[in-house]
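Participant: Please see the structure below; I have some questions.
Throughout, read-outs are computed from the coordinates displayed, never taken from laboratory work. These numbers come from a predicted model, not from an experiment. Because the Cβ atoms are built from the backbone with ideal geometry, glycine has one as well, and the counts that use them run over all protein chains shown.
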Amino acid sequence: MRKLLSMAAAAVLSFGVVGAEAADKLKVGFIYVGPIGDYGWSYQHNQGRLAIEAAFGDKVETVYIESVSEGPDAERAIERLARDGAGLIYSTSFGFMNPTLKVAKKFPDVKFEHSTGYKRAANVSTYSARFYEGRYVIGQIAARMSKTGTAGYIGSFPIPEVIRGINAFMLGAQSVDPDFKVKIVWANSWYDPGKEADAAKALLDQGVDVLAQHTDSPAPLQVAEERGAIGFGQASDMIKFAPKGQLTAIVDDWSVYYVNRTKAVLDGTWESTDTWGGLDAEMVLMAPFTNMPEDVANAAKETVEKIRSGKLHPFTGPIYKQDGELAVADGILLDDQAMLGMNWYVKGIDDQLPQ
Amino acid sequence: MGGYESILLTVITAATPLLLAAIGELVVERSGVLNLGVEGMMIVGAVLGFAGAQATGSAYIGALCALGAGMGLALLFGFLTLHLVANQVATGLALTLLGLGLAGMIGEAFVGQPGIRLERLHIPGLSTLPFIGPVLFGQDLLVYLSLALVAGVSFVLFRTRAGLIIRAVGDNHGSAHALGVSVIRVRYLAVLFGGACAGLAGGYLSLAYTPQWVEGMTAGRGWIALALVVFSTWRPLRLLAGAYLFGAVGILQFHAQAHGVAIPSQFLTALPYLATIIVLVMISRNRVLTRINTPACLGQPFVPDR
């Protein structure tokens, strides 16, 4: 029912994008899967849009359609932007992949940027961010800050992106405390503040004292703050929700990438590429390290610097799977392909991966 | 804090918004009106509750704003369905769409701001008692209000003349009209009461459950409340049991997961919904139970001079 409603809402909303076409302006279109008011995924993409406006002023004009569901609606929404004269279109959710390619075929002169997908074309680029690098950093902080030696982790869905994050978190934690434990609960939702808060409370009741989350709302952090526990923000700097509880946050920052790619279109140098940038490309940022002793903050900064300079790679062997099988041999870097399809836990995670 | 005590506290928090919204809708449906706009009234209640608290610095005034917001939308629903005799199902769905859109628009400025929490009661000597203290005497006002509403609605519906009139209007509006009862007025009042409760339920989300505003934060709870009304076969005390059962299953599945119980988490997440379906099947097989409690005129429009 909710799906139906949001589709209807999207249909209503999509009538709202009628922009007058200016002759020499580049029109940049955005398709968001959620509302820009989610303070999570779509909110951050919209921040990227605002960065484009700030960087290029009246050389560009931006339009967006929010709450577009990943289905037939998406193709209509993307095509609508292309028809309205957009020269560059960002489609910002995995499920927009095939609709984006379909529309791209019909509009060869329009450039498309699709986020988190893997299919490209001459006028379709893909991009994503290595959030797991940030998760390695917060894993180390969690292990240094936890008194109980156990962290709680709220997952959304058991997909490779989330599993990779949990593994990176644990590898970071194990690099400090080899016996570190993590309790994982799945909210089976990206976005339900009440449920996320309930999950956080359940974890704290079971004796964890540090919370990490891979769901979008600030609710778990708010619970941590209230209970005197600590945790990490997700997608945005959430320090306002937990001034005493947030240690740092993994911030999705698309603005550098968006400004660069828009500039490329304006300069005529745009080419179809695949970008998977992390801390080094400033697509992943760490919020200020707060509420921790100076040595912990310094160690975290050092790790960030090492990852940024390429000296440290979170998925460097030897890495063992849960059952003890060697997954990555000593000194070898796990390649991107294996990381993108990750469906196993590293050793030390005391939990069954939902199949 | 002891384990069971804190679990119980969490269950109360999870059950309260459902109970608030559902007890209002129960009265609405008892009067023969089906308002599917609970989700829409809730979300507007949530955003205006948040806004009211931000503007005045008081969560209580926020709660009043939430109540008023729900009533405002309910009034619109009443005007369309009772006055203009529009289709109730379609109008209710439209109300939800309108509410979600309106709330997103009003709430744009509040995204990313921490909210003001509705304070928990603190009675010296009582709230600090072990176990029963925080559970019985340490809740916020809306929790007590939700329980009082259940008792009040139960009493009024089945022990007073007013309740008799509400049920008569819901069961046979033609006869009630012939007896001189103003069907439209009774239904208006019931719809407004339902709106107030749904608005408060939304306010509870943005002021007590998770004091923040984000778009779509009701996340389908209005629909669950609607299901609970049917689940309870329109009986307030069963509704209370249903809401707490629903809250408890939702919380306990997280505990089971954290304990490493080897049941797929997807199944645990679906469990509360599964429970609703099973109970629905059970009660709909019991003809007597259904016939006695279902308002016979539910969803049927009434035109006085017919």
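Participant: Once both axes come from the Cα atoms, what is the angle between helix B:265-285 and the longest principal axis of chain B, in degrees from 0 to 90, rounded to 10?
Facilitator: Approximately 30 degrees, to the nearest ten.
Participant: Given the options B:GLY32, B:ILE165, B:GLN54, identify the residue whose Cα lies farthest towards the positive end of the charge dipole of chain B (+1 on Cβ of Lys, Arg; -1 on Cβ of Asp, Glu).
Facilitator: Final value for the positive-end residue is B:ILE165.
Participant: Same structure again: Starting from 0.36 nm per residue, how many nanometres of slack lie between A:GLU226 and A:ILE332 once their C-alpha separation is accounted for? Mind dumping the intermediate values first?
Facilitator: Numbers: separation 106, 0.36 × 106 = 38.16 nm, distance 4.28 nm.
Going from the current span to full extension adds 33.9 nm.
Participant: On to the next question. What does the structure give for B:21-32 when I average, per residue, the other chain Cβ atoms found within 10 Å of the residue Cβ? Show your work: numbers first, answer last.
Facilitator: On the way: counts 0, 0, 0, 0, 0, 0, 0, 0, 0, 0, 0, 0.
That works out to 0 on average.
Participant: While we're here: Only Cα pairs within less than 10 Å get springs; with that Gaussian network setup on chain B, which residue of B:GLY57, B:GLY49, B:GLY72 has the largest fluctuation?
Facilitator: Checking each option, the largest mean-square fluctuation is seen for B:GLY57.
Participant: In addition: If you place +1 on the Cβ of every Lys and Arg and -1 on the Cβ of every Asp and Glu, how big does the dipole about the Cα centre of chain A come out, in debye to the nearest 20? Before the final figure, lay out the partial values.
Facilitator: Values: 35 positive and 45 negative charges, 89 e Å.
Roughly 420 debye, rounded to the nearest 20.
Participant: How would you rank A:TRP344, B:TRP234, going from fewest to most other Cβ atoms within 10 Å of each one's own Cβ? Please list the in-between numbers first.
Facilitator: Values: A:TRP344 16, B:TRP234 23.
With the sparsest Cβ surroundings first, the list reads A:TRP344, B:TRP234.
Participant: Per DSSP helix of 4 or more residues, -39500 (n - 2.57); summed, then divided by the residues of chain A. What does that give at 222 nm, rounded to the nearest 500? Mind showing how you got there, number by number?
Facilitator: Values: 11 runs with 137 residues, N = 355.
Helix contribution divided over all residues of chain A: -12000 deg cm²/dmol.
Participant: Can you compute the label reach from A:GLU302? Point 7 Å from Cα along the Cβ direction, backbone N cut-off under 14 Å, restricted to segment A:126-165.
Facilitator: Zone members listed by number: A:140-141, A:144.
Participant: Work through the residues other than A:VAL296 whose Cβ is under 12 Å from its Cβ and net out their charges, Lys, Arg +1 and Asp, Glu -1.
Facilitator: Details: positive: A:ARG144, A:LYS301; negative: A:GLU294, A:ASP295, A:GLU302.
Result for the neighbourhood of A:VAL296: -1.
Participant: For a bin width of 20 Å, list the pair-distance distribution of the protein assembly as shown built from all Cα-Cα distances, rounded to whole %.
Facilitator: 18, 48, 29, 5, 0
Participant: Going by how many other beta carbons lie within 10 Å of each one, how would you line up A:LEU203, B:LEU268, fewest first? Each step should come with its number before you reach the end.
Facilitator: Numbers: A:LEU203 32, B:LEU268 22.
By the 10 Å Cβ count, ascending, the order reads B:LEU268, A:LEU203.
Participant: Using the structure shown, select from A:LYS147/A:LYS347; A:LYS111/A:LYS301; A:LYS102/A:LYS306; A:LYS201/A:LYS240; A:LYS240/A:LYS311; A:LYS147/A:LYS306 the pairs with a Cα to Cα distance greater than 29 angstrom.
Facilitator: Working: A:LYS147/A:LYS347 22 Å; A:LYS111/A:LYS301 37 Å; A:LYS102/A:LYS306 41 Å; A:LYS201/A:LYS240 20 Å; A:LYS240/A:LYS311 33 Å; A:LYS147/A:LYS306 26 Å.
Over 29 Å apart, Cα to Cα: A:LYS111/A:LYS301; A:LYS102/A:LYS306; A:LYS240/A:LYS311.
Participant: Within a 10 angstrom radius of the beta carbon, how do B:LEU64, B:LEU179 rank from fewest other beta carbons to most?
Facilitator: Details: B:LEU64 19, B:LEU179 10.
Placing the least packed residue first, the sequence is B:LEU179, B:LEU64.
Participant: Taking the Cα centre as origin and putting +1 on Lys and Arg beta-carbons and -1 on Asp and Glu beta-carbons, what dipole magnitude results for segment B:3-293, to the nearest 20 debye?
Facilitator: Value, rounded to 20: 940 debye.
Participant: Add +1 for every Lys or Arg and -1 for every Asp or Glu among the other residues with Cβ under 11 Å from the Cβ of B:GLN139, and state the total. Mind dumping the intermediate values first?
Facilitator: Numbers: positive: B:ARG120; negative: B:GLU119, B:ASP140.
Neighbourhood net charge equals -1.
Participant: Same structure, new question: So how tilted is helix B:38-56 from the main axis of chain B? Cα-based, degrees 0 to 90, rounded to 10.
Facilitator: For helix B:38-56, the angle is close to 60 degrees.
Participant: Next question, about the same structure. Please list, ordered by chain and number, the residues whose modelled amide H lies under 5 Å from the amide H of A:GLU61; skip anything fewer than 5 residues away on the same chain.
Facilitator: The list, which skips near neighbours in sequence, is A:LEU26, A:LYS27, A:VAL28.
Participant: Based on alpha-carbon centroids, what's the gap between segment B:186-226 and segment A:73-111 in Å, whole number please?
Facilitator: Between the Cα centres of segment B:186-226 and segment A:73-111 lies a distance of 37 Å.
Participant: How big is the antiparallel share of DSSP beta bridges in the protein assembly as shown, given as a percent to the nearest 5?
Facilitator: Details: 10 of 49 bridges.
Just about 20 percent of them are antiparallel.
Participant: How far apart, in nanometres, would the label points at B:ALA241 and B:HIS122 be if each is projected 7 angstrom from Cα along the Cα-to-Cβ direction?
Facilitator: 3.8 nm
Participant: Now, a different point. I want to check the label-to-label distance for A:ASP84 and A:THR275. Put each point 7 Å from Cα in the C-beta direction and report it in nm to one decimal.
Facilitator: Rounded to a tenth, the inter-label distance reads 2.3 nm.
Participant: Mind giving me the FRET efficiency for B:TYR144 and A:ASP58? R0 is 56 Å, r the Cβ-Cβ distance, nearest 0.05 is fine.
Facilitator: Numbers: r = 57 Å, r/R0 = 1.02.
It comes to 0.45.
Participant: Taking A:LYS105 as the anchor, which lysines have their alpha carbon closer than 24 Å to its alpha carbon, excluding any fewer than eight residues away along the same chain?
Facilitator: Reachable lysines: A:LYS25, A:LYS27, A:LYS119, A:LYS263.
Participant: Next up: About its Cα centre, how strong a charge dipole does the protein assembly as shown have in debye, to the nearest 20, once Lys and Arg get +1 and Asp and Glu get -1 at the Cβ?
Facilitator: Values: 50 positive and 55 negative charges, 471 e Å.
Charge dipole of the protein assembly as shown: 2260 debye, to the nearest 20.
Participant: I've got another one for you. Hey, quick one: spin label on B:PHE267, modelled 7 Å out along Cα-Cβ, who in segment A:177-197 has an amide N within reach, i.e. under 20 Å?
Facilitator: Answer for this model: A:184-189.
Participant: Compute the angle between helix B:59-78 and the longest alpha-carbon principal axis of chain B, please, reported from 0 to 90 degrees and rounded to the nearest 10.
Facilitator: 30 degrees
Participant: Next question, about the same structure. Averaged across A:154-166, how many Cβ atoms of other chains sit within 10 Å of each residue's Cβ atom?
Facilitator: Values: counts 1, 2, 0, 2, 3, 0, 0, 0, 0, 0, 0, 0, 0.
Across A:154-166, the average partner-chain Cβ count within 10 Å equals 1.
Participant: What FRET efficiency comes out for A:LYS263 versus A:ASP24 if R0 is 22 angstrom and r is the Cβ-Cβ distance? Round to the nearest 0.05.
Facilitator: E between A:LYS263 and A:ASP24, to the nearest 0.05, is 0.85.
Participant: What average count of beta carbons from other chains do you get within 10 Å of the Cβ of residues in B:215-227?
Facilitator: Numbers: counts 11, 11, 8, 4, 9, 5, 3, 1, 3, 0, 0, 1, 0.
Mean partner-chain Cβ count within 10 Å for B:215-227: 4.
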